Amino acid sequence: MARWSPLALVIGLLAAVGLYGSTAAVAAVPLTVAQAIATQNGSANTVRGYVVGQPTATNTVVRSNYPSDYALALADSASQTSTSNMVYVQIPSAFRASWGMQSNPSLLGKQIDVTGTLSAYFSHAGLISTTAFAFAGTAPPTTTTTPPPTTTTTPPTSCEAYYTAACGKSGAALKSALNGIIKNHTVIGYGAVWDALMDTDQDPNNSNNVILVYSGISRSKAQHGATSADWNREHVWAKSHGPFDENDTPGNDIHHLKPEDVDVNAARGSLDFDNGGSPVTEAPQSRKDGDSFEPRDAVKGDVARMLFYMAVRYESGPDLELNNSVGNGSAPLMGKLSVLKQWSQQDPPDAFEKRRNQVIFDRYQHNRNPFIDHPEWVSAIWP
């Protein structure tokens, strides 16, 4: 009978349990940018490419004077200038300080690995809902962000079921169809809004708290009222722009009501939305000047989509519309439309906003904000 040497026995045992030779696990190879462009199917993947600038529009990528930390563009060559050979990468708030172009202009020309979902961004081949960034060949850091709790109802994912009447439409026809879908919602009393906001805006990391929209602070649900230490109910579409009050249906509509610190709410007042101004006391990531308010980066898209919803939902009593102005006063108008469209592209719907939309649909008003489910409908209605 053949004798096994001690070394052979060890090797045999290792091979048997998959720790030696060809049975060892092999790490997945990142996709090239060309492969990522050809694989826009919603799958999760890691893409390796050179940072070639920041996308600011579907066909525009800037290589200096970066306006924000929202996005970057990758290509297979550091000298690539054709946007058709780039993939646009969404940068969530958790990664902006380290990987945003405005904060880190030295990233230009660096080769990096990014993990996310292969899906359109800025109406362009994209990598969205990103979860990890790293320089090529190094281990990516993991984010510690805890996703909000989910609900049992699955939201619409395409133009079926809930949105059937809107299929294939654009412009005024799409706006009218969406109005017909969302207008007959359940109206709750203004007093009930307190409890609703405690549910819709619950802190995913602390179920006893809510997240305040402009300041980003997590505050106790119980600490609401009228004193400066409390949070109250912010009307993102200002009541004076209508005008309407808490007894009118627009005044009770949770889709544009958010928790906010009493003092910060007063600082925003009835201002239109635009870029610029000085930091707001108690909410320094938000800014304001004499005629406009700029919310913090993480909720710019949320604010824009609330206003798009209001402009579609309320076609009469009052007829709310968006325009490209600030200082709209008591007219049923809110601006600035061009900036709101930009914010919606730069800050796509995240898990918190999607959960909020679902909770409102499931438990309260039983209607949806179409622009959270279908952000592409913004440009279809307001090109």
Conditions (1) more than 19 Å from residue 195 (Cα to Cα); (2) open to solvent by 20 Å² or more (accessible area, probe 1.4 Å); (3) among the aliphatic types (A, V, I, L, M): number failed by residue 229: (1)
Scan of segment 232-263 for residues that are assigned to a helix (DSSP H, G or I), among the aliphatic types (A, V, I, L, M) and surrounded by 19 or more Cβ atoms within 10 Å (Cβ to Cβ), ordered by number: 254
Verdict on residue 112 being β-branched (Val, Ile, Thr) and touching an Asp or Glu at 6+ places or on another chain (Cβ under 8 Å): no
Test: residue 357 is outside any strand (DSSP E or B) and within 15 Å of the chain's Cα centre (by Cα): yes
Residue ID - modelled with the highest pLDDT, chosen from residues in segment 147-176 that are in contact with a Lys or Arg (Cβ under 9 Å, 6 or more places away or on another chain) and assigned to a loop (DSSP other than H, G, I, E, B): 169
Scope segment 313-329; condition of a type in the set (Ser, Thr, Tyr) and modelled with pLDDT under 95; matching residues: 316
The lone exception for residue 319 - which of (1) open to solvent by 50 Å² or more (accessible area, probe 1.4 Å); (2) in contact with a Lys or Arg (Cβ under 9 Å, 6 or more places away or on another chain); (3) charged (D, E, K, R) it fails: (2)
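Looking at this structure, is residue 308 of a type outside the set (Lys, Arg), crowded, with 19+ Cβ neighbours inside 10 Å and part of a strand (DSSP E or B)?
Criteria not met by residue 308.
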Single unsatisfied condition, residue 258 versus (1) farther than 22 Å from residue 68 by Cα; (2) free of Cβ contacts under 8 Å to residues at least 40 places away in the same chain: (2)
Residue in segment 119-136 that is in contact with a Leu (Cβ under 6 Å, 6 or more places away or on another chain) and of a type in the set (Val, Ile, Thr) present: no
Pair list, Cβ < 8 Å and 6+ apart or interchain, from segment 34-46 residues that are within 18 Å of residue 134 (Cβ to Cβ) to residues that are loosely packed, with under 14 Cβ neighbours inside 10 Å: 46/28
Some residue of segment 85-93 being open to solvent by 20 Å² or more (accessible area, probe 1.4 Å), among the β-branched types (Val, Ile, Thr) and in contact (Cβ under 8 Å) with a residue 12 or more places away in the chain: no
Inter-residue pairs, beta-carbon under 6 Å, first under 11 Å from residue 182 (Cβ atoms) and in segment 311-322, second open to solvent by less than 70 Å² (accessible area, probe 1.4 Å) and β-branched (Val, Ile, Thr), 6+ apart: 313/182
Residues that are part of a strand (DSSP E or B) and surrounded by fewer than 20 Cβ atoms within 10 Å (Cβ to Cβ), drawn from segment 192-206: 203, 206
Residues of segment 264-295 satisfying the condition of being touching a helix residue (DSSP H, G or I) at 6+ places or on another chain (Cβ under 9 Å), in contact (Cβ under 8 Å) with a residue 40 or more places away in the chain and open to solvent by 20 Å² or more (accessible area, probe 1.4 Å): 274, 275, 282, 285
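The values are calculated or read from the model by the stated rules, or taken from the named source; none is laboratory data. The structure presented is a predicted model; accordingly, all values stated were derived computationally and were not measured. Note that each Cβ is placed from the backbone with ideal geometry, even for glycine, and that neighbours are counted across all protein chains shown. Ligands, DNA and RNA are excluded from the accessible area calculation, which covers all protein heavy atoms including side chains. Shrake-Rupley method; radii C 1.70, N 1.55, O 1.52, S 1.80 Å.
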